[in-house]
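Heads up: the structure comes next, in C-alpha cells.
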Amino acid sequence: MSLIKCVPVLFFLGMAIFLTFSSQQASAPIVNTVGKTMPSDAAPLAQQVLRMLHEEPTTLDISIAVYKAKGAVFTFEGLTRLDHNNELTPAAAERWGVSPDGKKWTFYLRKGALWSDGRPVTAHDFEYTFKRLLDPNSGNTTAVFYYEIKGAKAFNQGKSTDPNTVGVKAIDDYTFVVETESPCPYFPLIASFPTSGPVPRWQVEKYGPKWTEEGKCVSNATFKLTEWRQGSHYEFALDPNYNGPHKAFIERVVGKFSNLTMMPGNTLAYENNEIDFQNITPGDVARIKKDPQLMKELDISAGFQTHYLYFDTRTAPFNNLKVRQAFAHAIDRDILCRILLQGIGQPAYSMLPPGFPGYAGGKFKYTQRFDPAMAKSLLTKAGYPNGRGFPRYELWINSVNNRNVALFIQQMLKQNLNVDITIKVVESRAYRQAMFQWKIPMSLIQYNYDYPDPNNMLSMVWHFQPVGYGRHPWKNETFDQLVDKAAGEMIPARRSELYDQAQQILSKNVGAVFLYYAKLASLRKPWIKGIKQSKNGDYPYWGNNTSHMDMYIGRR
C-alpha cells in the first residue's frame with residue numbers, strides 16, 4: 001500500500017485512540033483530598049466550596065462555650081454522631097456497649113485516628129475533655145447535660161473538688177469508660193452532641209483561651225480551620241489526617257461573617273450568588289413565595305424547635321398559677337402560625353415537637369388552648385379583674401427576629417386580658433447571663449433540641465437546678481421525680497408513659513406558655529446536592545449531624 005493511501009487510515013486510527021483515551025479520562029472518578037470518590041454529577045474539586053453566612057464567633061471551643069462557638073461543628077468529632085434521620089452512627093468510637101445494669105458505657109475508639117497536627121486521638125483525650133467541661137471554673141453552661149455521669153453534678157457544683165471523682169476513665173489508648181449514677185439508655189446520644197467532642201490538651205494548656213485561633217486550632221474531624229479573618233470570614237478545609245467514617249465531599253467551607261444572618265429581608269448576598277445556602281426567617285417566606293426563582297430554592301423542614309413564653313415563677317404575679325394559666329389561654333396560636341409565621345410553625349401546647357421521640361400529639365391542647373373567656377375569668381380570680389392592678393412588665397427577647405412574635409403576644413394580652421407589657425431586646429450574651437441568673441421577669445425564647453431523646457427537651461430544660469445551673473426558676477417536685485425515673489427506665493413503653501405524665505404537669509402547671517413548633521426554612525442554590533431525605537420526607541440541613549458531610553457542589 002502506498003504511503004498516500006495509508007495516511008487517512010493512520011489519521012482515523014489515531015483519532016479513535018485519542019477519543020477512546022479522552023473518554024476514559026472524562027469518565028475517570030474524581031477523588032477529593034480525603035480520598036472520597038465524588039458523585040458523577042459533581043463539579044470539579046476547585047469548585048467544591050460551600051459558602052454560608054455565619055455570625056462571627058468569639059471562640060471555637062464548643063466543649064465549654066457552645067453559644068459562642070459558631071461554626072465549630074465542622075471541626076470536632078465526638079464518640080458518636082447523628083445521621084440525617086437523627087439516628088446514631090459511629091464516629092470517633094467505632095462501637096460501644098453497656099453493662100447489664102445500664103450504668104457503665106464502654107466506647108472503643110477507632111485506631112489510627114489522628115488530630116490535625118498528626119498526633120493520635122486517644123481515650124485519654126476524651127477523659128481530659130469530659131473532666132474539663134465539668135470543671136466549675138470553665139463556666140460551661142451546658143455542664144448540666146452531663147449530670148447523668150457519676151460524680152458529675154457534685155464536681156460541677158463544687159461539692160467535690162477532685163476531678164477523679166467523675167466517672168470517666170481511659171482504660172487504655174482506645175477504651176473509654178463512662179459510669180452513670182443510674183441506668184442511662186440515652187448516653188450515646190449525649191455523646192453525639194458537639195459539646196462532647198474532644199479538645200487537644202497540649203494546645204489548651206499552651207495557649208489557654210486562644211487555643212482555637214488561626215494557627216493554633218487543632219481538631220479531629222473531617223474539616224480543620226485554615227483561616228480566620230476577624231470581621232470578614234473564616235474557612236475550613238478538608239483534613240488529610242482524618243480517616244473516619246464521616247469524610248466530606250466539600251473541599252472547603254467558607255463562613256462569611258454577618259450579624260444579620262437571620263434578619264428579615266437580608267437575602268441580598270444570597271440573591272447575588274455570594275453565598276450558596278442561607279437560613280431565613282418566617283418574615284421572608286411570603287416574599288420568597290412570590291419570586292418564581294427563589295421559590296424553587298426554598299426548603300422547609302422539621303426543626304425540632306419549641307418557642308415558648310416563660311416567667312420568673314418565684315415572685316408575684318407569676319407565682320400565681322391562675323395568672324400563668326390566663327396568659328396561656330389568651331394567645332391564639334392558630335393565627336400566630338397561619339398568618340404571622342406564614343405556616344413556618346405549628347401550634348404548641350407542650351414541649352416535645354412533632355416527630356420528636358415522646359411527642360404526645362394534641363393530648364395536652366386542652367390545658368393551654370386559646371380561650372379568651374377562660375383567660376379573663378382566671379385573671380379575675382387571680383385578683384386582676386379586666387387587668388386592673390396588673391403591673392407593667394417587660395417581655396425580654398434575645399433577638400430582633402423575635403420582635404414580630406413579641407408584638408403579637410403584646411397585642412393578644414392587651415386585647416384579651418387588658419394587660420400592658422413592653423418589649424425589651426437584649427444582646428444574646430447578656431441575655432444568657434441574665435437567664436441563668438434568673439433575672440428575667442418574662443421572656444419569649446426558643447429551645448432547639450440537642451439530641452433526640454425526651455430527656456433533652458424535658459429534663460435538661462425544666463428539671464429544677466440551683467441558680468446559675470438551671471435555665472428557668474420553675475420548680476415542681478413531681479415533675480422532677482418523673483423525669484428522673486424516666487431517665488433510668490430501660491423499658492421504652494414505660495419510659496414514654498413517664499415522660500407523658502411529666503409533660504402533662506409541665507403544661508398544666510404552665511411552667512411555660514408553649515406557643516409554636518418552628519420549622520426550618522432555608523434557601524439553597526440549585527447546585528447544592530447530596531442533602532439526604534429523612535424518614536419523615538424532609539430534606540433537613542442540621543449542622544451538628546452528618547448533613548454537611550453529604551453535601552457537594554453539582555455541575556452548574
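Specify which labelled value, from (i) 44.4; (ii) 31.6; (iii) 53.9, agrees with mean projected area of the Cα convex hull in nm² derived from the coordinates of the model shown.
(ii)
Over the alpha-carbon set of the range 301-518, work out the extent along each principal axis and list the three values in angstrom, largest first.
Here the Cα extents, ordered largest to smallest, are 51, 37, 36 Å.
Any idea what the alpha-carbon Rg over 2.2 N^0.38 Å comes to for the range 415-556?
1.35
Please work out the Cα center distance from the range 145-169 to the range 31-109, rounded to the nearest Å.
26 Å
If you take the alpha carbon radius of gyration of the range 131-183 and divide it by 2.2 N^0.38 Å, what ratio comes out, to two decimals?
That ratio works out to 1.09.
Sorted by mean Cβ packing within 10 Å, highest first, what order do the peptides 476-485, 283-292 take?
Details: 476-485: 17.1, 283-292: 14.6.
Result, highest mean Cβ count within 10 Å first: 476-485, 283-292.
Where a Cα-Cα gap under 24 Å defines reach, which lysines qualify for LYS247, not counting those fewer than 8 residues away within the same chain?
LYS36, LYS70, LYS111, LYS216, LYS224, LYS256, LYS525, LYS529, LYS532, LYS535
I'd like the orientation of helix 477-487 relative to the chain: the angle between its Cα long axis and the longest Cα principal axis, in ° from 0 to 90, rounded to 10.
30 degrees
From the phi of every residue in the range 532-545, what ³J(HN,Hα) in whole Hz does the Karplus formula 6.51 cos²θ - 1.76 cosθ + 1.60 yield, where θ is phi - 60° and glycine or proline is x?
7, 6, 7, 5, 9, x, 8, 10, x, 10, 10, x, 8, 10
Which length gain, in nm to one decimal place, applies between LEU407 and SER377 when the Cα-Cα distance is subtracted from 0.36 nm times their residue separation?
So the extension gain works out to 8.4 nm.
For the modelled label position 7 Å from the Cα of LYS111 along Cα-to-Cβ, which residues of the range 207-222 have backbone nitrogen atoms closer than 17 Å?
Within reach of a label on LYS111, which here means backbone N under 17 Å from a point 7 Å along Cα→Cβ, the range 207-222 contributes nothing.
Find which of PRO240, CYS217, GLN305 sits farthest along the positive direction of the dipole of the chain, computed with +1 on the beta-carbon of Lys and Arg, -1 on that of Asp and Glu, about the Cα centre.
Checked the options; the winner is GLN305.
What's the exposure ranking of HIS54, HIS329, going from fewest to most Cβ atoms within 10 Å?
Least to most surrounded, the residues fall as HIS54, HIS329.
On a straight-distance basis, which lysines could pair with LYS508 in a cross-link, Cα separation under 27 angstrom, same-chain partners fewer than 8 positions away excluded?
LYS322, LYS363, LYS365, LYS376, LYS381, LYS414, LYS439, LYS475, LYS485, LYS519
Can you list the residues, at least 5 places off or on another chain, whose amide H is less than 5 Å from the amide H of HIS233, using H built in the peptide plane?
PHE257
Just want the ordering: GLU94, GLU56, GLU77, from fewest to most Cβ atoms lying within 10 Å of their own Cβ.
Ordered from fewest to most neighbouring Cβ atoms within 10 Å, GLU94, GLU56, GLU77 come out as GLU94, GLU56, GLU77.
Pop a pseudo-label 7 angstrom from the Cα along the beta-carbon direction at both ILE423 and ARG555 and give the gap in nm to one decimal.
4.9 nm
Can you tell me the order of 96-107, 453-464 when each peptide is scored by its average per-residue count of other Cβ atoms within 10 angstrom, highest first? Walk me through the numbers before you get to the answer.
Numbers: 96-107: 16.2, 453-464: 23.3.
The peptides rank, most packed first, as 453-464, 96-107.
Distance between the C-alpha centers of the range 314-392 and the range 210-285? Whole Å please.
38 Å
Each reported figure results from applying straightforward, stated rules to the coordinates on display, with no laboratory input. These numbers come from a predicted model, not from an experiment. Virtual Cβ from ideal backbone geometry, glycine too; neighbours counted across all protein chains shown.
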